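Contents: one structure, followed by commentary.
The values are calculated or read from the model by the stated rules, or taken from the named source; none is laboratory data. The model shown is predicted, which means the values in this text are computed figures rather than measured ones. Just so you know, the surface numbers come from the protein's heavy atoms only, side chains and all, with ligands and any DNA or RNA stripped out. Shrake-Rupley method; radii C 1.70, N 1.55, O 1.52, S 1.80 Å.
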Amino acid sequence: MGFWEIFLIGLALSMDAFAVSAVSGMSIKNICRSDVLLLACAFGGFQGLMPLIGYYTGTLFTVFMNTFAPYIACLLLSLVGGKMIYDALREEAEPLSAITPQLVLVQAVATSIDALAVGVSFAAAGSINIWQAISIIACTTFFLTIAAVNLGRRIGSLLAEKAGLFGGIILIIIGLKMLF
């Protein structure tokens, strides 16, 4: 498998991370550069780590991935999205003002679970340089996350106080999409 095929796989895998990052940029007021870097490192790191785990564990995860992964990802994103909607609808609620490591971890895991299955398929393909593949996937996700947060920032300023509500709805939709 060549660079361009792996790059396209990296783009496909990073679309969920892109959407979640845009929601973070949209709904978190005054997001700072260190927050953007934390998101990019977490999403890129997990998108690179998961195929590596899938590659080395091979078929052990195949049954798990086919059965439970979509439900876990949906649950995690729906919980985060539901909390955002709840907070947005409460009149006394403060908007989300900072990225927490716990929130980033949940989002990074939820958006990278499908990369485990890609790692299993890499193992089945046989002739792939896994270190090159995970580097390309991680870097692609890293840079797309930065772009997404900046895009979300611009959209968030247009939506004003409704950004948290829209962001929560988007996360739930992404979670439901993972089921299907």
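Annotations for the structure displayed:
- Between 0 and 90°, nearest 10: helix 69-89 axis offset from the chain longest Cα axis: 10
- In the set (i) 117; (ii) 99; (iii) 177, the label that goes with volume of the Cα convex hull per residue in Å³ computed for this structure is (ii).
- One Cα centroid belongs to region 95-133, the other to region 1-62; the line between them spans 5 Å.
- Where 131, 4 fall by accessible area, highest first, once all protein chains stay in place (1.4 Å): 4, 131
- Crossing angle, helix 3-27 versus the chain [Cα axis fit, 0-90 degrees, rounded to tens]: 20
- Taking the chain and dividing mean pair separation by its residue count, relative contact order in percent (alpha carbons under 8 Å, at least six apart): 49
- C-alpha long axis of helix 130-159 to longest principal axis of the chain, angle in °: 20
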